[in-house]
1. Might you check whether a residue that is open to solvent by less than 40 Å² (accessible area, probe 1.4 Å) and part of a helix (DSSP H, G or I) occurs anywhere in segment A:29-39?
2. Sort out which residues of segment B:214-234 are modelled with pLDDT under 90, at negative phi and either assigned to a loop (DSSP other than H, G, I, E, B) or open to solvent by less than 30 Å² (accessible area, probe 1.4 Å) (or both), and write them in order of number.
3. Among the residues of segment B:503-558, which ones are in a helix (DSSP H, G or I) and away from every other protein chain (no Cβ under 14 Å)?
4. May I ask you to verify whether B:Val201 is of a type in the set (A, V, I, L, M, F, W, C) and more than 23 Å from B:Val586 (Cα to Cα)?
5. Residues that are more than 26 Å from B:Ala284 (Cα to Cα) and touching a helix residue (DSSP H, G or I) at 6+ places or on another chain (Cβ under 9 Å): which strands (runs of 3 or more DSSP E) entirely in segment B:384-481 hold 3 or more of them?
6. Tell me which residues, restricted to segment B:357-383, are at pLDDT below 95, among the aliphatic types (A, V, I, L, M) and part of a strand (DSSP E or B).
7. Is it true that A:Ser109 is at pLDDT 95 or above, open to solvent by less than 40 Å² (accessible area, probe 1.4 Å) and either under 27 Å from the mean Cα position of the chain (by Cα) or acidic (Asp, Glu) (or both)?
8. Which condition number in (1) open to solvent by less than 10 Å² (accessible area, probe 1.4 Å); (2) part of a strand (DSSP E or B) is the one that B:Asp331 fails?
2 protein chains.
Amino acid sequence: MAQLPHPLSALTVEESAVARDVIRSLHPDTVLLFRQIYLYEPPKAQVAEFLELEHSGKLTDTTPRPPRLAQVWFDVGAREKTPKYAESIVDIGLKTVVSTRTTGPGQLSSLIMDEIREVVAACDRSELFQDKLRQFQLPPGFEAIVEPWPYGASDPTDDGTRFFQGLVYAVNKETGGDDSNFYAYPIPLIPVMDAKTREIVRVLDVATGGKDDPYQSKTCGQNVIDHCQAAEYLPEKLPQGIRNDLKPLTVIQPEGASFSIVDGNRIEWQKWSMRLTFNPREGAVLHDIRYDGRSVLYRLSMSDMYFDGLVTDPNGDVQETKNVICLHEQDNGIGWKHTDWRTGRAAVTRRRELVVQYIITLANYEYVFNFKFDQAAGITIETRATGIVSVVNINPGQTAPWGNVVSPGALAQNHQHIFVARIDPAIDGQANTIVQEESLPVPMNPETNPHGNYYEVRQTVLKSSAGVDLAPQNNRVFKVQNRAKTNPVSGKPIGYKVIIPPTQLLLADAESIQSKRAAFANHHLWVTKYKEDELYAGGRYTLQSKVEAEGVADAAARADNVEDEDLVLWTVFGLTHNPRVEDWPVMPVETLQVHLVPSDFFSQNPAIDVPPSKDQGSKIWTTTCAC
Amino acid sequence: MAQLPHPLSALTVEESAVARDVIRSLHPDTVLLFRQIYLYEPPKAQVAEFLELEHSGKLTDTTPRPPRLAQVWFDVGAREKTPKYAESIVDIGLKTVVSTRTTGPGQLSSLIMDEIREVVAACDRSELFQDKLRQFQLPPGFEAIVEPWPYGASDPTDDGTRFFQGLVYAVNKETGGDDSNFYAYPIPLIPVMDAKTREIVRVLDVATGGKDDPYQSKTCGQNVIDHCQAAEYLPEKLPQGIRNDLKPLTVIQPEGASFSIVDGNRIEWQKWSMRLTFNPREGAVLHDIRYDGRSVLYRLSMSDMYFDGLVTDPNGDVQETKNVICLHEQDNGIGWKHTDWRTGRAAVTRRRELVVQYIITLANYEYVFNFKFDQAAGITIETRATGIVSVVNINPGQTAPWGNVVSPGALAQNHQHIFVARIDPAIDGQANTIVQEESLPVPMNPETNPHGNYYEVRQTVLKSSAGVDLAPQNNRVFKVQNRAKTNPVSGKPIGYKVIIPPTQLLLADAESIQSKRAAFANHHLWVTKYKEDELYAGGRYTLQSKVEAEGVADAAARADNVEDEDLVLWTVFGLTHNPRVEDWPVMPVETLQVHLVPSDFFSQNPAIDVPPSKDQGSKIWTTTCAC
């Protein structure tokens, strides 16, 4: 009998086909639209038992493996007026459906690229839209371009209709060509498509008046984009050309990379090991992360980012995609250093990092996500925001308090990006505890602080699932500890420290739709008790959601015990982005980092055995340097 | 007539010798001890006038240059019981003293390495110390080692005596050799030296009792370090050896570096230009920092770190030192990226940085300071803390709330590192203004916020010099603006944004010596009006200081107008360091960054003309990657 794949490996193309066929066979007389097919991870208890055998070297050819499960998202009756959306879990081995869930009131299935593309076609067909567009009389050489977007939650009829919208720009085909930056020419129209009928049901006028007349909309006229200016970013289109004084800086690894990939998706690098999978909702997911054989995290992912859905096509065929995730090593400067000033003997190592990187493009914007692993057993979760800021048309000479004019006639609106990283720890086992640690002043007093230079390090155990906030003035940090295991040197529980940047939380009013549907954005850290398949901070169905349902706030509200429990951390961090002119036409990266560092997990600096920098082959220095 | 050097260039060896000789000639019959000789920067008005000519191409061979000035720090009557400390400014051209300042009550001159070394010799000579040491009966093969330190401010006699202290450790000469890590064996004694008599005047016993008996000191016994353990960090001494699976990662620049150094100390790189000098109190100092010819900063430095004083020897001879500062380029990942999802055309650049790096070793500890310049016209001020944490002896089995046992018998004490970067801006000229910007919620209301998704960006001008704090919950940032110049695109004043990490401020009680002598550490940002030679946040004389005198708090207290003025920013950031076992024996770097980014200073992303990454020669990717 052929052995099942590792339980933490992505579905193979063959497994996906089995899942698709199981669903098809149950719906012989209807057209199905497949949204996604990917691995449904087996229950943690099963996986943990398997991993225990795997890492203790007890795995044999006959060791039973958890059954392979697929989650299949699909629409039944895709060509009918009211298709039904379903999510089934399919047992690949048994070729049976294990369970099926359909959307309830207020729940819409997540979008796929096919729907997004349809917005463009619907606008082409729409008399309503074409009439409104014609009233603007674009300059010669310009053509309108529709940029599809999900609709958000402001459905005025509120009857659960599935909508999409378009933002409209003009592209200068004549002088700019197909790849010209059309965002520089915003047209103040928003067509709205009913996803069922695929018709444009209304076209909104967008205000262009700025602060002096905030609700004034242009509805016609020749001059809607006459005051706008080209803003090319492709090298061959730049009026000034590209700079020519940047000399090559080449990284070479003459002996190859230090990492290896074994058993399909297991990465091994510098005492780290982990499994890598990918799914369309979270992107790269890392599983069973260990250092020197010791368990650190069970699972690490970005919660709730949607990725290009081309992995599954609407017929349920899975395409193998290339270049979705890249893996590389990089140098990040000095790792640790000490010089004995008496003898002059210096010891210095450089900090090598393994980077798991993936990038998503969301219309105008892009996010770069990096999971970085270092030799000192630290993990960095990094986001870089880049791409083109969203702009709307603004009348000549006007400004607005809700944005900044970044190009003539183009107002970039103030906005926030709020990210959630889901961290499922397994600090030498599943039973973990969160300890909040603060450093607090102690008033001078003769008994415990006679000189006034003592401060208290106060630890508070989080007993119940909850959302909690940072307090940088108190140097508040959180530790995930395994209290059953004691560091042999310090006598304290082994653990990892979680360092979250104390960025601003959601600014929207508590009564706004934005606030209600993104309850996750109201705290810096959520701690919940582990529950199977509870993966999405913003709720299971986010498209046009009016509340965050089955999200992290609901999970926390269970008030589960999280002391010595299998728990999950959700770190919330973001960017309040009030655009600068320098963010145009493509913005330089804005970078945020969450750090996980061992805290009394090891018996010494885990990077102490990194070879000295002279033995690492780095020749980064080009002037005199003692480093 | 030979032309004078550029006013922002370090003194030459010849100029230093002239300054020394001028001072010597005024003190013919006494022994002088020279502490430092380095450039006294000419008044800003003179330099600014000169720079204006220089950058407008109007400099000729006959353009008058500001006179060259040296500051000479020296002791008069160095061999007498009461030497007098003086600081003179010498006009090199005229060979005259311009002014002299001597220390007043409570003011002590800064230390030099010669004094530091003397502590070791004084301990060797001291019967008092040797008697106490002998009572501990070190194990065979061990020798005591004295680590000299400045004394701080806790002089019990309070008569202004200049003291130094020693921390005492034992080195295992037999098995560890000369380069062994002696910090693993702390001996609970602190000898105190009178710097005038160079005698050990007292030896303090250090408590080893831990939390159960916090004031209990061992004063004799064989077992003082018997419970300690070796903690080697040099590669050849590691019991486990170094790891052997790290493959070389080599950075090569086949065409050389992209930067050039012209006119002695002027660095040019990717539209940036700046002058570099070095002095023993601030380390690397960058002057006249411009991007694309436009002035950004007049001067940038770390305020108040002492560096190796070997630049001037006690006889006033200046030694040219090598490798004090290093300069290199590095790659820092994606700089900006956008993909047009319709056409699939991606534009991606990598972010190249110029790094000006210097490193100081302060006994056990080291700091790495990096000034980084990027192609998007941003400046990053980075500190990396590494080295060996300071430890004291603790009895077997004990712990203490004021630290962590990081090695058997070695307690690393909780402490703070607080840094100040002094930023003297010149945003297209000297007349600048600081604007505090916050992003604040606005309650939902029918007029200005009908959907509850609007937030207010509130700007407040700082009118008077002051210390101000961060408020990350409000996304508080500060902008330095030149309000006389308007961005042609946005219509807003040109400026730079200053992003300071909201780290914890000083924890010591307000009445403690630590708090009084470090008033600078009580705010995240100080804004003062520019004053000649006002460079040191912690005050001019910090050794054993009891208050911060002539420091940044005093400067701010003048309540000068700072609107449209020549002003200075002092950013305060730090690390509350409660040591982990993983910080031992040498700690992995802990990194902090301050960012300066243009904010409506340019008319678009200044990095838009960076060549695409494929043209930059980078071959950093070793697996599939679309970046």
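1. No, that holds for no residue.
2. Result: B:Pro214, B:Tyr215, B:Gln216, B:Lys218, B:Thr219, B:Cys220, B:Gln222, B:Asn223.
3. Listed by number, the residues that qualify are B:Ala519, B:Phe520, B:Val552, B:Ala553, B:Asp554, B:Ala555, B:Ala556, B:Ala557.
4. Taking the combined requirement at face value, the residue satisfies it.
5. Output list reads B:403-407, B:410-413, B:431-441.
6. Those that are at pLDDT below 95, among the aliphatic types (A, V, I, L, M) and part of a strand (DSSP E or B): B:Ile359, B:Ile360, B:Leu362, B:Val368.
7. no
8. For B:Asp331, the exception is condition (1).
The values are calculated or read from the model by the stated rules, or taken from the named source; none is laboratory data. Keep in mind that this is a model prediction, so the values were computed, not measured. Glycine also receives a Cβ, built like all others from the backbone with ideal geometry; neighbour counts cover every protein chain displayed. Accessible surface areas use protein heavy atoms only, side chains included; no ligands, DNA or RNA. Shrake-Rupley method; radii C 1.70, N 1.55, O 1.52, S 1.80 Å.
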